[in-house]
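Student: If you scroll down you'll find the structure; I have some questions about it.
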Amino acid sequence: MASLKDLRNRIASVKATRKITKAMQMVAAAKLRRAQEAAVAARPYSERMAVVLANLSSAVAGQAGAPQMLAGTGKDQTHLLVICTAERGLCGGFNSSITRLAREHADRLVAMGKTVKMMTVGKKGNDSLKRVYGKYIVDAVDFRGQKAVRYDNATGVGAKIISMFADGEFDVCTLFFAEFKSVISQKPTALQLIPAAVSGGKAPDLAGAVYEAEPDETEILADLLPRNISIQVFRALLENAASEQGARMSAMDNATRNAGDMINKLSIKYNRQRQAQITKELIEIISGAEAL
(Lines give C-alpha, C1' and ligand atoms only; values in the text may rest on other atoms or scores of the structure.)
Protein backbone atom coordinates (compact mmCIF):
# COMPACT_ATOMS: atom_id res chain seq x y z
CA MET A 1 0.00 0.00 0.00
CA ALA A 2 1.30 3.46 -0.91
CA SER A 3 2.25 5.71 1.97
CA LEU A 4 0.62 9.09 2.61
CA LYS A 5 3.69 10.83 1.24
CA ASP A 6 3.52 8.82 -1.97
CA LEU A 7 -0.14 9.69 -2.38
CA ARG A 8 0.55 13.40 -1.80
CA ASN A 9 3.30 13.33 -4.41
CA ARG A 10 1.04 11.52 -6.85
CA ILE A 11 -1.77 14.04 -6.36
CA ALA A 12 0.63 16.95 -6.86
CA SER A 13 2.00 15.31 -10.02
CA VAL A 14 -1.46 14.78 -11.52
CA LYS A 15 -2.45 18.36 -10.67
CA ALA A 16 0.63 19.64 -12.50
CA THR A 17 -0.26 17.46 -15.49
CA ARG A 18 -3.81 18.80 -15.46
CA LYS A 19 -2.51 22.36 -15.64
CA ILE A 20 -0.44 21.46 -18.70
CA THR A 21 -3.30 19.69 -20.51
CA LYS A 22 -5.66 22.57 -19.72
CA ALA A 23 -3.16 25.08 -21.10
CA MET A 24 -2.65 22.98 -24.24
CA GLN A 25 -6.41 22.78 -24.73
CA MET A 26 -6.74 26.57 -24.53
CA VAL A 27 -3.84 27.11 -26.96
CA ALA A 28 -5.33 24.60 -29.41
CA ALA A 29 -8.71 26.34 -29.18
CA ALA A 30 -7.10 29.68 -30.01
CA LYS A 31 -5.16 28.22 -32.96
CA LEU A 32 -8.14 26.24 -34.22
CA ARG A 33 -10.18 29.28 -35.23
CA ARG A 34 -7.45 30.67 -37.48
CA ALA A 35 -6.61 27.26 -38.94
CA GLN A 36 -10.28 26.49 -39.61
CA GLU A 37 -10.81 29.82 -41.35
CA ALA A 38 -7.78 29.19 -43.58
CA ALA A 39 -8.94 25.67 -44.47
CA VAL A 40 -12.49 26.77 -45.26
CA ALA A 41 -11.23 29.71 -47.34
CA ALA A 42 -9.03 27.40 -49.45
CA ARG A 43 -11.82 24.97 -50.35
CA PRO A 44 -13.70 27.09 -52.96
CA TYR A 45 -10.51 27.74 -54.95
CA SER A 46 -9.47 24.08 -55.06
CA GLU A 47 -13.02 22.97 -55.87
CA ARG A 48 -13.30 25.55 -58.67
CA MET A 49 -9.94 24.39 -59.99
CA ALA A 50 -11.39 20.87 -60.22
CA VAL A 51 -14.37 22.22 -62.19
CA VAL A 52 -12.10 24.05 -64.65
CA LEU A 53 -9.93 20.96 -65.13
CA ALA A 54 -13.05 18.81 -65.66
CA ASN A 55 -14.31 21.17 -68.36
CA LEU A 56 -10.98 21.40 -70.15
CA SER A 57 -10.18 17.69 -69.87
CA SER A 58 -13.50 16.77 -71.50
CA ALA A 59 -12.38 18.65 -74.61
CA VAL A 60 -9.05 16.79 -74.91
CA ALA A 61 -10.19 13.37 -73.69
CA GLY A 62 -8.91 10.65 -75.96
CA GLN A 63 -6.64 12.94 -77.97
CA ALA A 64 -3.06 11.90 -78.63
CA GLY A 65 -1.70 15.23 -77.42
CA ALA A 66 -3.37 15.16 -74.00
CA PRO A 67 -1.01 16.10 -71.14
CA GLN A 68 0.54 13.09 -69.43
CA MET A 69 -0.51 14.32 -65.97
CA LEU A 70 -4.09 14.03 -67.16
CA ALA A 71 -3.92 10.92 -69.30
CA GLY A 72 -1.31 9.08 -67.21
CA THR A 73 1.56 6.96 -68.41
CA GLY A 74 -0.68 4.18 -69.64
CA LYS A 75 0.57 1.93 -66.83
CA ASP A 76 -0.55 1.26 -63.27
CA GLN A 77 2.49 -0.47 -61.83
CA THR A 78 4.30 2.05 -59.61
CA HIS A 79 2.35 4.07 -57.04
CA LEU A 80 3.59 7.06 -55.05
CA LEU A 81 1.79 7.70 -51.76
CA VAL A 82 2.18 11.24 -50.39
CA ILE A 83 1.23 11.04 -46.70
CA CYS A 84 0.63 14.35 -44.89
CA THR A 85 0.61 14.30 -41.09
CA ALA A 86 1.44 16.66 -38.22
CA GLU A 87 4.82 17.66 -36.86
CA ARG A 88 3.77 17.09 -33.24
CA GLY A 89 1.83 14.54 -31.26
CA LEU A 90 -0.59 14.79 -28.33
CA CYS A 91 -3.53 15.12 -30.73
CA GLY A 92 -5.38 11.88 -30.18
CA GLY A 93 -5.71 9.53 -33.12
CA PHE A 94 -5.22 12.23 -35.77
CA ASN A 95 -1.84 11.05 -37.09
CA SER A 96 -2.55 7.34 -36.69
CA SER A 97 -5.82 7.56 -38.65
CA ILE A 98 -4.01 9.02 -41.69
CA THR A 99 -1.13 6.55 -41.57
CA ARG A 100 -3.57 3.66 -41.07
CA LEU A 101 -5.43 4.62 -44.26
CA ALA A 102 -2.11 4.87 -46.12
CA ARG A 103 -0.93 1.49 -44.76
CA GLU A 104 -4.16 -0.21 -45.83
CA HIS A 105 -3.83 1.31 -49.31
CA ALA A 106 -0.18 0.24 -49.56
CA ASP A 107 -0.96 -3.30 -48.39
CA ARG A 108 -3.66 -3.66 -51.05
CA LEU A 109 -1.27 -2.48 -53.76
CA VAL A 110 1.50 -4.82 -52.61
CA ALA A 111 -0.95 -7.71 -52.53
CA MET A 112 -1.81 -6.90 -56.16
CA GLY A 113 1.87 -7.01 -57.13
CA LYS A 114 2.28 -3.25 -57.50
CA THR A 115 5.40 -1.26 -56.62
CA VAL A 116 4.83 1.19 -53.75
CA LYS A 117 6.81 4.31 -52.95
CA MET A 118 6.07 6.73 -50.11
CA MET A 119 6.76 10.41 -49.50
CA THR A 120 6.01 11.56 -45.96
CA VAL A 121 5.14 15.19 -45.22
CA GLY A 122 5.33 15.67 -41.47
CA LYS A 123 7.56 14.21 -38.76
CA LYS A 124 4.93 12.04 -37.06
CA GLY A 125 3.97 10.23 -40.24
CA ASN A 126 7.59 9.42 -41.02
CA ASP A 127 8.24 8.22 -37.46
CA SER A 128 5.18 5.97 -37.56
CA LEU A 129 5.80 4.45 -40.99
CA LYS A 130 9.56 4.02 -41.08
CA ARG A 131 9.57 1.13 -38.60
CA VAL A 132 7.63 -1.21 -40.92
CA TYR A 133 7.43 0.63 -44.24
CA GLY A 134 10.86 2.24 -44.20
CA LYS A 135 11.92 0.43 -47.39
CA TYR A 136 9.11 2.16 -49.28
CA ILE A 137 9.92 5.72 -48.12
CA VAL A 138 11.81 7.58 -50.85
CA ASP A 139 11.57 11.11 -49.40
CA ALA A 140 10.64 12.77 -46.11
CA VAL A 141 9.62 16.42 -45.73
CA ASP A 142 8.96 18.26 -42.48
CA PHE A 143 8.20 21.84 -41.48
CA ARG A 144 9.19 21.72 -37.82
CA GLY A 145 10.79 25.15 -37.83
CA GLN A 146 7.71 26.95 -39.17
CA LYS A 147 4.80 28.32 -37.17
CA ALA A 148 2.24 28.34 -39.99
CA VAL A 149 1.66 26.55 -43.28
CA ARG A 150 2.55 28.62 -46.34
CA TYR A 151 1.93 28.11 -50.03
CA ASP A 152 5.69 27.91 -50.54
CA ASN A 153 5.68 24.67 -48.55
CA ALA A 154 3.09 23.17 -50.89
CA THR A 155 4.90 24.29 -54.03
CA GLY A 156 8.09 22.65 -52.77
CA VAL A 157 6.30 19.33 -52.26
CA GLY A 158 4.48 19.73 -55.58
CA ALA A 159 7.77 20.39 -57.40
CA LYS A 160 9.22 17.14 -56.00
CA ILE A 161 6.18 15.17 -57.15
CA ILE A 162 6.31 16.69 -60.64
CA SER A 163 10.06 16.07 -60.89
CA MET A 164 9.66 12.41 -59.90
CA PHE A 165 6.84 11.97 -62.42
CA ALA A 166 8.89 13.58 -65.18
CA ASP A 167 11.72 11.16 -64.40
CA GLY A 168 9.35 8.22 -64.74
CA GLU A 169 9.64 7.16 -61.08
CA PHE A 170 5.90 6.41 -60.68
CA ASP A 171 2.68 6.03 -62.62
CA VAL A 172 0.02 6.99 -60.06
CA CYS A 173 0.25 9.49 -57.19
CA THR A 174 -2.21 9.55 -54.28
CA LEU A 175 -2.35 12.19 -51.53
CA PHE A 176 -3.37 11.28 -47.96
CA PHE A 177 -4.58 13.83 -45.40
CA ALA A 178 -7.41 14.47 -42.91
CA GLU A 179 -10.32 16.61 -44.03
CA PHE A 180 -11.58 18.87 -41.23
CA LYS A 181 -15.24 18.31 -40.39
CA SER A 182 -15.53 19.53 -36.80
CA VAL A 183 -13.61 19.60 -33.53
CA ILE A 184 -14.50 15.96 -32.89
CA SER A 185 -14.50 14.74 -36.49
CA GLN A 186 -11.59 14.62 -38.94
CA LYS A 187 -12.02 12.38 -41.96
CA PRO A 188 -8.92 10.58 -43.37
CA THR A 189 -8.98 11.18 -47.12
CA ALA A 190 -7.16 9.77 -50.15
CA LEU A 191 -7.03 12.02 -53.25
CA GLN A 192 -5.50 10.94 -56.55
CA LEU A 193 -3.22 13.64 -57.97
CA ILE A 194 -1.71 11.90 -61.01
CA PRO A 195 -3.44 11.09 -63.31
CA ALA A 196 -5.60 14.04 -62.28
CA ALA A 197 -8.94 12.91 -60.83
CA VAL A 198 -11.24 15.42 -62.56
CA SER A 199 -14.42 13.38 -62.82
CA GLY A 200 -15.66 14.74 -59.49
CA GLY A 201 -15.78 18.33 -60.69
CA LYS A 202 -19.34 19.58 -61.22
CA ALA A 203 -19.56 21.56 -64.43
CA PRO A 204 -21.58 24.80 -64.32
CA ASP A 205 -24.85 25.14 -66.22
CA LEU A 206 -23.96 27.00 -69.43
CA ALA A 207 -27.54 26.99 -70.76
CA GLY A 208 -26.36 25.59 -74.08
CA ALA A 209 -23.70 28.24 -74.63
CA VAL A 210 -20.64 27.36 -76.69
CA TYR A 211 -17.27 28.66 -75.53
CA GLU A 212 -13.73 28.47 -76.82
CA ALA A 213 -10.46 28.46 -74.91
CA GLU A 214 -7.60 30.73 -75.87
CA PRO A 215 -4.94 29.37 -76.07
CA ASP A 216 -6.21 25.85 -76.72
CA GLU A 217 -7.15 23.40 -73.97
CA THR A 218 -3.89 21.46 -74.17
CA GLU A 219 -1.76 24.53 -73.45
CA ILE A 220 -3.99 25.65 -70.59
CA LEU A 221 -3.91 22.18 -69.04
CA ALA A 222 -0.12 22.06 -69.36
CA ASP A 223 -0.02 25.08 -67.04
CA LEU A 224 -2.95 24.25 -64.76
CA LEU A 225 -2.16 20.60 -64.01
CA PRO A 226 1.20 21.28 -62.24
CA ARG A 227 -0.39 24.18 -60.43
CA ASN A 228 -3.29 21.98 -59.39
CA ILE A 229 -0.88 19.60 -57.64
CA SER A 230 0.52 22.41 -55.49
CA ILE A 231 -2.98 23.71 -54.77
CA GLN A 232 -4.25 20.30 -53.67
CA VAL A 233 -1.17 19.76 -51.49
CA PHE A 234 -1.68 23.24 -49.96
CA ARG A 235 -5.31 22.45 -49.25
CA ALA A 236 -4.28 19.15 -47.65
CA LEU A 237 -1.79 20.96 -45.40
CA LEU A 238 -4.43 23.52 -44.36
CA GLU A 239 -7.01 20.81 -43.70
CA ASN A 240 -4.40 18.94 -41.64
CA ALA A 241 -3.56 22.06 -39.64
CA ALA A 242 -7.21 22.59 -38.69
CA SER A 243 -7.77 18.88 -38.03
CA GLU A 244 -4.66 18.69 -35.84
CA GLN A 245 -5.78 21.56 -33.60
CA GLY A 246 -9.31 20.20 -33.37
CA ALA A 247 -8.03 16.74 -32.45
CA ARG A 248 -5.57 18.19 -29.92
CA MET A 249 -8.27 20.33 -28.34
CA SER A 250 -10.53 17.31 -27.95
CA ALA A 251 -7.72 15.07 -26.67
CA MET A 252 -6.51 17.60 -24.11
CA ASP A 253 -10.06 18.20 -22.92
CA ASN A 254 -10.44 14.47 -22.29
CA ALA A 255 -7.03 14.36 -20.59
CA THR A 256 -7.99 17.27 -18.33
CA ARG A 257 -11.21 15.56 -17.27
CA ASN A 258 -9.43 12.25 -16.70
CA ALA A 259 -6.83 14.02 -14.56
CA GLY A 260 -9.63 15.56 -12.48
CA ASP A 261 -11.22 12.15 -11.97
CA MET A 262 -7.86 10.67 -10.96
CA ILE A 263 -7.26 13.50 -8.46
CA ASN A 264 -10.66 12.86 -6.87
CA LYS A 265 -9.97 9.12 -6.55
CA LEU A 266 -6.50 9.68 -5.12
CA SER A 267 -7.83 12.31 -2.69
CA ILE A 268 -10.47 9.89 -1.41
CA LYS A 269 -7.86 7.17 -1.03
CA TYR A 270 -5.52 9.60 0.74
CA ASN A 271 -8.24 10.78 3.16
CA ARG A 272 -9.32 7.22 3.96
CA GLN A 273 -5.78 6.08 4.60
CA ARG A 274 -5.07 9.18 6.71
CA GLN A 275 -8.25 8.62 8.72
CA ALA A 276 -7.34 4.96 9.26
CA GLN A 277 -3.86 5.95 10.42
CA ILE A 278 -5.26 8.53 12.87
CA THR A 279 -7.77 5.99 14.18
CA LYS A 280 -4.98 3.46 14.68
CA GLU A 281 -2.87 5.97 16.61
CA LEU A 282 -5.83 6.90 18.82
CA ILE A 283 -6.48 3.24 19.59
CA GLU A 284 -2.83 2.77 20.55
CA ILE A 285 -2.93 5.83 22.83
CA ILE A 286 -6.17 4.73 24.53
CA SER A 287 -4.88 1.14 24.94
CA GLY A 288 -1.68 2.44 26.50
CA ALA A 289 -3.60 4.71 28.88
CA GLU A 290 -5.87 1.85 29.98
CA ALA A 291 -2.84 -0.38 30.60
CA LEU A 292 -1.56 2.14 33.12
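The values are calculated or read from the model by the stated rules, or taken from the named source; none is laboratory data. In this text, all values refer to a predicted model and were calculated from it rather than measured experimentally. Here the Cβ positions follow ideal geometry from the backbone for every residue, glycine too, while neighbour counts run over all protein chains shown. We work out accessible area using only protein heavy atoms, side chains counted, and drop any ligands, DNA or RNA first. Shrake-Rupley method; radii C 1.70, N 1.55, O 1.52, S 1.80 Å.
Student: What fraction of the DSSP beta bridges in the chain is antiparallel, stated in percent and rounded to the nearest 5?
Tutor: Working: 9 of 25 bridges.
Close to 35 percent.
Student: Okay, next question. Tally the DSSP beta bridges in region 31-186 and give the antiparallel ones as a percent, rounded to 5.
Tutor: Working: 2 of 18 bridges.
Of the beta bridges lying entirely in region 31-186, close to 10 percent run antiparallel.
Student: From the helices alone, meaning DSSP H stretches of at least four residues, give me the mean residue ellipticity at 222 nm for the chain, per-run term -39500 (n - 2.57), in deg cm²/dmol to the nearest 500.
Tutor: Working: 6 runs with 181 residues, N = 292.
Counting only the DSSP helices, I get -22500 deg cm²/dmol.
Student: When the Karplus curve 6.51 cos²θ - 1.76 cosθ + 1.60 is applied with θ = phi - 60°, which whole-Hz ³J(HN,Hα) does each residue of region 266-280 get, with x for Gly and Pro?
Tutor: 5, 5, 5, 4, 5, 5, 5, 5, 5, 5, 5, 5, 5, 4, 5
Student: Using the Karplus curve 6.51 cos²θ - 1.76 cosθ + 1.60 with θ = phi - 60°, work out ³J(HN,Hα) for each residue of region 237-248 in order, rounded to whole Hz, and write x for Gly and Pro.
Tutor: 5, 5, 4, 5, 4, 5, 5, 4, 5, x, 5, 5
Student: Taking H as built 1.01 Å from N, whose amide H comes closer than 5 Å to the amide H of ASP142, not counting residues under 5 places away?
Tutor: Amide H neighbours of ASP142: GLY122.
Student: Going by the alpha-carbon gyration tensor, a ≥ b ≥ c the square roots of its eigenvalues, is region 11-114 rounded (a/c under 1.5) or, if a/c is not under 1.5, prolate (a/b greater than b/c) versus oblate?
Tutor: On the way: a/c = 5.88, a/b = 1.86, b/c = 3.16.
It comes out oblate by the Cα gyration axes.
Student: Provide the net charge surrounding GLY134, with neighbours chosen by a C-beta distance below 14 Å and charges set as Lys +1, Arg +1, Asp -1, Glu -1. Don't skip to the answer; put the middle values down first.
Tutor: Values: positive: ARG103, LYS117, LYS130, ARG131, LYS135; negative: ASP127, ASP139.
Here the count lands on +3.
Student: On to the next question. Before anything else, pin down the relative contact order of the chain: Cα pairs under 8 Å, at least 6 apart, normalised by residue count, whole percent.
Tutor: 33 percent
Student: While we're looking at this one, here's another question. With +1 on the Cβ of every Lys and Arg and -1 on the Cβ of every Asp and Glu, and nothing else charged, how large is the dipole of region 82-204 about its Cα centre, in debye rounded to the nearest 20? Numbers along the way, then the final one.
Tutor: On the way: 18 positive and 11 negative charges, 84 e Å.
For region 82-204, the charge dipole is close to 400 debye.
Student: Along each of the three principal axes of the Cα atoms of the chain, give the extent in whole Å, ordering the values from largest to smallest.
Tutor: Principal axes ranked by extent give 112, 43, 31 Å for the Cα atoms.
Student: For region 130-149 and region 212-264, what is the separation of their Cα centres, given in Å?
Tutor: 16 Å
Student: Hey, if we sort ILE286, ILE137, ILE184 by accessible area with the 1.4 Å probe, largest down, what's the order? Could the numbers behind the result be given before it?
Tutor: On the way: ILE286 95, ILE137 40, ILE184 140 Å².
Putting ILE286, ILE137, ILE184 in descending order of accessible area: ILE184, ILE286, ILE137.
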